[in-house]
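Before any comments, here is the structure.
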Amino acid sequence: MAPIIDAPRTIEWQGKQVPVWSMRTVDYSLLLSQDPAEVEKVVNACLEDGYFMLDLDSIDGRRMLEDRQEVLKLMGRFFAAPLEAKNQYGLIDSHLGYEPVGSRTGAFGAGTKDGYEMLKVSRDEIQQGSPRVPSPIKNSGDLRILEQAIGSCNTVTKVILSALSTGMGLTGAKRFENSHRNDRPSTTTLSMMHYLPAEVTGQHKIGHQKHTDISSLTLLFSDQWGLQIRPPGECGAREMGFVAPKPGCAFVHVGDSLRFASGMKFQSCIHRVVPFKPSEHRYSIAYFLRAEDDTMFMDSEGRYVTAKDWHDQKFKAFTDPPVWQAMAPKSMILGGMVEDGADDPEPVAPPTHGSTKED
């Protein structure tokens, strides 16, 4: 079991004390065994919060933690290459290839661009023998590393999905995993993100904009501060607060597709990434489990769309200028989640350091 670490209630950022929101921790080994109490815990986390920590530090989850370490080494090699070399990969598809810094809106909205570069690998491409995976990866040991990581992530997220189906009393074709079959096309993706230091990107290329994910479930790994969430429901008026990294754990959150599939019972997680230490290189790994392309559901505006249509529309919204994002359906960027209160109205220079303080 991972050690229990009590996160501070606030942490200093941008010259003020910002909340560090508490959350449930779900034991993967117990979930794998369909332990009734753990199944109930994960269902309640998705119904009430839309996110939880998943403890993987056991014989059942440790392989995933080891695969993650190998992916981090791969990322170090890839992102250290000259930009010209990385750009040769290109963005082969919306869920496959390389995106340079500044491809999307930044953490502080209009007037900023994102401060990260990203390498994305499609699960379908790996499963099909990687016909469109860039040759430098295909012809090296890196392909094996990505295969193992995607396999581990897929198993972990399917265990969660199965537990949610059981906990919600779903049977037969209505179970969530029956729209996430391994042999059907989907945009399921392993994304590797490198957030560059502020002194490299400049004031107007910062973090990652506030949004909900396109995915059904997102399995996210990062040992560094920077991820912020806005609690849903009655907490929606509260400010964005940090997620404290927890050793041996992954942060799991619900995306749009699973919220839609649950009939809006589950909460999607509103989140963004901000620079915490301006001088550091921040690395994160996200596995986006997505429904089969032809899965049909009703979105939060009452439109019937397929999972592939939703993915393509929202991906376009992510890369559109803010003025065009404002013209998209209101549910697009935040998946229909309702929030009150304001975040940072103008870009603010990141602090020179962070410190914690208990209330």
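Observations, loosely collected:
- Region 81-149 and region 14-46 have Cα centres lying 30 Å from one another.
- Dividing the helix sum by the residues of the chain, where each DSSP H run of 4 or more adds -39500 (n - 2.57), gives a mean residue ellipticity at 222 nm of -8000 deg cm²/dmol.
- Over 30 Å between alpha carbons, listed pairs K41/K205; K210/K277; K205/K246; K113/K265; K120/K205; K41/K138: K41/K205; K113/K265; K41/K138
- Once C-alpha pairs closer than 8 Å and six or more residues apart are averaged by separation and normalised to the residue number of region 69-191, the relative contact order reads 24 percent.
- Helix screen, the chain: DSSP H segments with Cα axial length of 20 Å or more and mean Kyte-Doolittle hydropathy at least -1.0 are 62-79, 142-167.
- Residue range of the chain that is longest and free of trypsin sites (Lys or Arg not before Pro) which are both DSSP loop and sparsely packed (at most 15 other C-beta within 10 Å): 25-131
- Only Cα pairs under 8 Å and 6+ residues apart enter the sum, and on that basis the relative contact order of region 10-337 stands at 22 percent.
- With the charge dipole of the chain set up from +1 on Lys and Arg Cβ and -1 on Asp and Glu Cβ about the Cα centre, the Cα lying farthest toward the positive end among the listed residues Q88, T10, P322 is that of Q88.
- Considering only the chain, percent of DSSP beta bridges that pair antiparallel, nearest 5: 90 percent
Read-outs throughout are calculated quantities, based only on the coordinates presented, and are distinct from any laboratory measurement. None of these values were measured; they are calculated from a predicted model. Reconstructed Cβ throughout: ideal geometry from the backbone, glycine too, with neighbour counts over all protein chains shown.
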